[in-house]
Amino acid sequence: MKQWISGGLAATVLLGGAAFADNASEEWAPETFTLDNGMEVVVLPDHRAPVVTHMVWYKVGAADEAPGRSGIAHLFEHVMFKETDDVADGEFDSIISRLGGQNNAFTSWDYTAYYERVAKQHLGKMMELEAERMTDLIIDEDPEGSFITERDVVKEERRQRVDNNPGVILQEKVLAEFWKGHPYEITVIGRMEEVEALTPQDGIDFYKKYYSPENAILVVAGDVTGEEVKTLAEQHYGVIEPSGLVDGSRKWTDVTPLSETVELTHSDPKVRQPVWYRYFDGTSQKRDREFSLALEVGLEVLGGGNTSLLYVALVEDQKVAVNAGTFAWTGLHDQGPAVIYATPSPGVSMEDLETAVTTEIANLLEAGFSDEDVERVRNSMAAEAIYARDSQQSMANLFGSWLAIGGSIEDLMTYSDDVRAVSTEDALAAVRKTFADGNHYIEAQLLPAEGEL
């Protein structure tokens, strides 16, 4: 049920889609206010159905963990669904289920978020439940208690989702190299030995420091008004005293550029199809929004799907690959990688695939992008932002994730216009700069065990 965001395309969609819609109508435009205890509130009205999405975003993630305490942000997400002073173990999920609602949570390097989707008349109950676990979570030394039992659950989750997944193992190796020395270096789920060593006291200290209203953002999307949300928020959240331990500091810092080219491989009998990757230094929308938008447009033209230049050349024309593309992790606060990937066709060696990919990218970037291709991609990205308004949960995610890393609402409101303003020259220059000859990269290969294929 609980989730951790490990990165890659899934995280890029969730985190990097700092996208909204142009010319938002006044009746839809977000309303914002701050409670006296410092809790930020964003209201996104959507009156098409009597449903609301209620989210609480805490400005703490895996990047904020103390040395040797990796995995505690994600573990704590699990613990938050357990016992409080007034809610028995298992009752949180049961209450929401009985009301016909849905709920979940997820952890990233930059934040932890909890959400519920219910009929609008139950919004007050959702606030009551979230306020209860913000203040009265039970953490103790009981071997059968929430912290220790959930620690075991997370260990098993790591075994199943990481240690048993060759692709994730390789990705973990790559990211540890890419973000070496940076707070993003350790995967969100944490190192097994460090998770195993986490104590209930670690949990108490983490809870006291970060789970306080002045470190939280409330986002409510759906059939509500700002005044309705303000009344309920003041009733349930406004009475919570701030801890006084939140100083607003985060561990974010510039990512050190790659200083050498590194080759990594991972072989496993479970791998049925090899994959080739190159990870280059990239950017983030928060660090450099203008360059990030240009890079996203350029990478979409170059390798963003089965109509992209790279896909058509390698898969349809040359038939050396069954898949090929490019993307970038731009949704984190700090810089993420820009990635080229390809999967060889049967009988094509990894060496021949690498030659074909690098040669084709060089040719395409030398030839340049057409205005028609760039315009098509710009319009598609802007349209996706507009279509996202159809999902109140998507909107709550977009606003919450962007604000949690210090972004502004103005950036969200102008996204479509901003992406349409990216010129062909800007998009091409961004990709050329990122994949330039002489740039260092991490080359990674996911391979079957020797003799398997």
Please name all residue pairs, on different chains or six or more residues apart, with Cβ atoms under 8 Å, provided the first residue is in the stretch 212-230 and is in the same structural domain as Val56 (by TED's automatic domain parsing) and surrounded by fewer than 23 Cβ atoms within 10 Å (Cβ to Cβ) and the second residue is among the acidic types (Asp, Glu) and not in a strand (DSSP E or B). Asp223/Asp46
Pick from the stretch 399-412, criterion farther than 27 Å from Asp373 by Cβ and part of a helix (DSSP H, G or I), ranking: farthest from the chain's Cα centre (by Cα): Glu410
Go over the candidates Ala383, Ala313 one by one and state the one that is at pLDDT 95 or above, of a type outside the set (D, E, K, R) and out of contact with any Ser or Thr (no Cβ under 8 Å at 6 or more places or on another chain). Ala313
Criterion violated by Asp36 - all others in (1) part of a loop (DSSP other than H, G, I, E, B); (2) touching a residue at least 60 places away in the same chain (Cβ under 8 Å); (3) within 21 Å of Asp205 (Cβ to Cβ) satisfied: (3)
Selection from the stretch 231-245 of residues that are in contact (Cβ under 8 Å) with a residue 40 or more places away in the chain and part of a helix (DSSP H, G or I): Leu232, Ala233, Glu234, Gln235, His236
Leu123 of a type in the set (A, V, I, L, M), farther than 29 Å from Glu227 by Cα, part of a helix (DSSP H, G or I) and touching a Leu at 6+ places or on another chain (Cβ under 7 Å): no
Restricting attention to the stretch 420-453, which residues are β-branched (Val, Ile, Thr), under 24 Å from Tyr279 (Cβ atoms) and in a helix (DSSP H, G or I)? Val431, Thr434
Please give the number of the condition Phe280 fails out of (1) surrounded by 20 or more Cβ atoms within 10 Å (Cβ to Cβ); (2) touching an Asp or Glu at 6+ places or on another chain (Cβ under 8 Å); (3) of a type in the set (A, V, I, L, M, F, W, C). (2)
Name the one entry in Gly203, Gly248, Gly304, Gly282 that is out of contact with any Gly (no Cβ under 7 Å at 6 or more places or on another chain) and not assigned by TED's automatic domain parsing to the domain that holds Arg161. Gly248
Mind listing whichever residues of the stretch 123-175 are charged (D, E, K, R), crowded, with 16+ Cβ neighbours inside 10 Å and within 30 Å of Asn37 (Cα to Cα)? Lys125, Glu128, Glu130, Glu132, Arg133
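Considering Ala385, Ala356, Ala362, which residue is part of a helix (DSSP H, G or I), under 25 Å from the mean Cα position of the chain (by Cα) and of a type in the set (A, V, I, L, M)?
It is Ala385.
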The condition of being farther than 30 Å from Thr187 by Cα, crowded, with 17+ Cβ neighbours inside 10 Å, free of Cβ contacts under 8 Å to residues at least 60 places away in the same chain and of a type outside the set (Phe, Trp, Tyr) holds, among Val87, Val118, Val43, Val52, only for Val87
For the stretch 176-185, give me the residue count where each residue is more than 19 Å from His440 (Cα to Cα) and buried (at least 22 other Cβ atoms within 10 Å of the Cβ). 1
Restricting the stretch 55-66 to residues that are of a type in the set (A, V, I, L, M, F, W, C) and part of a loop (DSSP other than H, G, I, E, B), the one nearest to Arg191 (Cα to Cα) turns out to be Ala66
How many residues are part of a helix (DSSP H, G or I), acidic (Asp, Glu) and over 17 Å from Glu384 (Cα atoms) if we restrict to the stretch 287-310? 1
What do you reckon, is Arg287 closer than 30 Å to Ala66 by Cα and either in contact (Cβ under 8 Å) with a residue 24 or more places away in the chain or touching a helix residue (DSSP H, G or I) at 6+ places or on another chain (Cβ under 9 Å) (or both)? yes
Of the residues Tyr311, Tyr277, which single one is in contact (Cβ under 8 Å) with a residue 40 or more places away in the chain and among the hydroxyl-bearing types (Ser, Thr, Tyr)? Tyr277
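The values are calculated or read from the model by the stated rules, or taken from the named source; none is laboratory data. It should be emphasised that the depicted structure is a prediction, and the values quoted were computed from it without experimental measurement. Cβ coordinates were reconstructed from backbone atoms using ideal geometry, including for glycine residues, and neighbour counts include every protein chain displayed.
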